[in-house]
Amino acid sequence: MKPFTQAADVLDKELAVKIDGIISAHNGDATQLVGILLDVEAAVERHYIPESAAYYVAQKLGVKPTQVYDVISFYTALHDKPRAKFTLEVCNSAPCRVKDSDKLVETLKRLLNLEVGEVTYDGRFSIEKVPCFGACDVSPAVRVNGVVYGHLDSEERILDMLQQLN
Amino acid sequence: MSKKVCFITRNFGKYDPDSLKSYESIGGFTALRKALKMDGNEIADVLAANGVQGRGGAAYDMGKKWRQAREVKGEHKCVVCNADEGEPGTFKDRELLTNDPFQLLEGMIIAGWSVGADNGYIYMREEYSHLRPRLLSAIAQCEEAGYLGDNILNSGLNYRIHLYSGAGAYVCGEGSALSESIEGKAGRPRMKPPFIKQCGVFHLPTCVNNVESLSLVPPLLLDDEGYYKSQGTEDCPGTKMISVSGNVKNPGVFEVPFGITIREIVYDLAGGMENPEYPLRLVQLGGASGRICAPSQLDTPYTYKGMRQADLTAIGSGAVLVVDERTSVIGFLRMTQEFFSHESCGQCTPCREGNRHIAMLLDKIAAGEHTQKDVDTLKKFADIMSCASLCGLGETAQSALLSAMKRFPEVFAVKEEVAVR
């Protein structure tokens, strides 16, 4: 199978080993594709699935690359482009919005000097608005690489949260 | 009537959720031993006799569901535990998965025995991925101890449980989209029929249940004294887990008897409004796809029938979102609409286009630039979406809007100068 772009995109050997481990942790089961891709994404520092990795997963599981890309493009939690090391996912659903998560977004934008969807020049931070992740009891909340930080209703707490990210 | 009860949540904090031994020490798996001596239909009868309805949102009669699943012919069948809790404002399943994973597994094995399935699938949302290790370890411990695998406890039941992950798609909470996702594909809902009960995961007959529904089964089978039935009201017995969020003092998960009023939920359990300066404006029940309750309806009893009579969502996912006067009705509707515009999978036209156009009309209303024709179009589109969408997402996406149009008509009133133009 030949990747559809001409740009050199060679699979990092270290990542290939990690992917092998992820696939065997899922018993090489092709129906676990969604879970496998999530784990691959978590193993990449910039939290995305490089094209070479997508093709490698397809080949290893014996599925078509189109199926892998159908899945990557369908699900919000999967990405085909590099993201920040720490993507601050702010809940944008009503339970957090009525607790003024808009103010939380504004504060984050000001503190990081960043617009929603942008990545800081060093690739460390970005801000995204996401649907409810079930932390409504601690709203307004932010989720970063799977960890939820709640009660972010003051600048002090927001700064505290940012300092914990390293 | 006591306002807080412990039936489904009876094990919370009583055992170490990472240890099977600890679960067994508080009587874990006695319900399974009892169930394995019963006939599958008898188990379904227990559910039916207690009037249990599904806890995911659709409120389908659970005894009936299991009996139908049992009757479907097929060499292989499966049970799916829907842990895709994507309905905004709902986090009760998170508590069950965190505090009592073994009770859920026990419920799933009993479901497998009752309907005659050989595989069980837990489909858990990506947002709860931190709970994956706990569940995987719980499954492994059950396999080791012989509660899963071949010939479970010498009953002849062969049954395995597999954990699958979602990846942030609300639509995957819908049965057929969920089935597609478990098969390793994009979660686009299928055309129905055939229904999931005949042709679901891997095109096998599939019985889909919510986390709370399955977790309810073990305590119910052991409930010889009829405690569950003694709770709630006569026409709606039992208890329910609710998630309270929004502008209240103590948001959180509570187990309540049916029949409690919405007022008691907001002011007693959740401690009332967080800021006394801002009184309650509305309560949304059942998540983003739920209807809106006006302050005048707060004394409605929280039962399937009571809610239906008051033209509210009949329990739904059990979400109770309390909103105070800092958020306007139209502002709230736009938040809900943003969610559905984002989550529509785009497969069918009514949902894909309907959401887009309704979002535009809501913007117009928020700016006060709408005419009566816009309001009529809004209602028409919302009605079309509810009748003509492919799956439950599109069918229920406009519940909040349609109920708001009934309960807060002044919000949609046309300003005079616009009417003249």
**OP:** Could you let me know the centre-to-centre spacing of region B:185-249 and region B:1-49, using Cα atoms, in angstrom?
**Re:** 15 Å
Original post:
In peptide B:342-351, how many Cβ atoms from other protein chains are near each Cβ within 10 Å, on average?
Top reply: 1
Original post:
How big is the accessible area of A:Phe86 in square angstrom, nearest 10, if you roll a 1.4 angstrom probe over the protein chains?
Top reply: 20 Å²
Original post:
Mean separation of Cα pairs under 8 Å and 6+ residues apart, divided by the residue count of chain B: what relative contact order is that in percent?
Top reply: 16 percent
Original post:
Just the accessible area for A:Tyr48, please: 1.4 Å probe, Å², rounded to the nearest 10?
Top reply: 50 Å²
Original post:
In units of 2.2 N^0.38 Å, what is the alpha-carbon radius of gyration of region B:1-127?
Top reply: 1.10
Subject >> Geometric extent, Cα atoms of region A:1-106 - Rg, Dmax (angstrom) >> reply: 16.2, 50
Original post:
Averaged over A:38-44, how many beta carbons belonging to a partner chain fall within 10 Å of each residue's beta carbon?
Top reply: 2
**OP:** Mind running the shape call on region B:273-414? Use the C-alpha gyration tensor, a ≥ b ≥ c as the square roots of the eigenvalues: rounded below 1.5 for a/c, prolate if a/b tops b/c, oblate otherwise.
**Re:** oblate
**OP:** Only bridges with both residues in the protein assembly as shown count here: give the DSSP antiparallel percent, nearest 5.
**Re:** 50 percent
**OP:** At 7 Å along the Cα-to-beta-carbon direction for both B:Arg356 and A:Arg46, put a label point, then send me their distance in nm to one decimal.
**Re:** 3.1 nm
Original post:
Using a Förster distance of 56 Å, how high is the FRET efficiency between A:Val148 and B:Lys73, based on the Cβ-Cβ distance and rounded to 0.05?
Top reply: 0.80
Original post:
Using the per-residue mean of other Cβ atoms lying within 10 Å as a proxy for protection, in what order, highest first, do the peptides B:67-76, B:392-401, B:231-240 fall?
Top reply: B:392-401, B:231-240, B:67-76
Original post:
Dividing the alpha-carbon radius of gyration of region A:13-74 by 2.2 N^0.38 Å (N being the number of residues), what value is obtained?
Top reply: 0.97
Subject >> Cα-based equivalent ellipsoid, region B:132-222: semi-axes from gyration tensor eigenvalues, Å >> reply: 26, 16, 14
**OP:** For every helix of n ≥ 4 consecutive DSSP H residues, a contribution of -39,500 (n - 2.57) applies; sum these over chain B, divide by its total residues, and give [θ] at 222 nm rounded to the nearest 500 deg cm²/dmol.
**Re:** -11500 deg cm²/dmol
Original post:
What do you get when you divide the Cα radius of gyration of the protein assembly as shown by 2.2 N^0.38 Å, with N the number of residues?
Top reply: 0.97
Original post:
Given just the C-alpha atoms of chain B, how large is their convex hull per residue in cubic angstrom?
Top reply: 132 Å³
**OP:** Set Lys and Arg Cβ to +1 and Asp and Glu Cβ to -1, take the dipole of the protein assembly as shown about its Cα centre, and tell me which of B:Gly368, B:Ala388, A:His26 lies farthest positive.
**Re:** B:Ala388
Subject >> Rounded FRET efficiency, nearest 0.05, which uses the C-beta distance separating A:Lys109 from B:Asp61 and R0 of 56 Å >> reply: 0.70
Original post:
With charges set only on the Cβ (+1 for Lys and Arg, -1 for Asp and Glu), what does the dipole of region B:53-167 come to about its Cα centre, in debye to the nearest 20?
Top reply: 300 debye
**OP:** For region A:86-164, give the magnitude of the charge dipole about the Cα centre (Cβ charges: +1 Lys/Arg, -1 Asp/Glu; no others), in debye to the nearest 20.
**Re:** 120 debye
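The values are calculated or read from the model by the stated rules, or taken from the named source; none is laboratory data. In this text the structure is predicted, and so the values were computed from the model without any measurement. Heads up, the Cβs are rebuilt from the backbone with ideal geometry, glycines too, and the neighbour counts pull from every protein chain shown. Remember, those area values only see protein heavy atoms, side chains included, never the ligands or the DNA or RNA. Shrake-Rupley method; radii C 1.70, N 1.55, O 1.52, S 1.80 Å.
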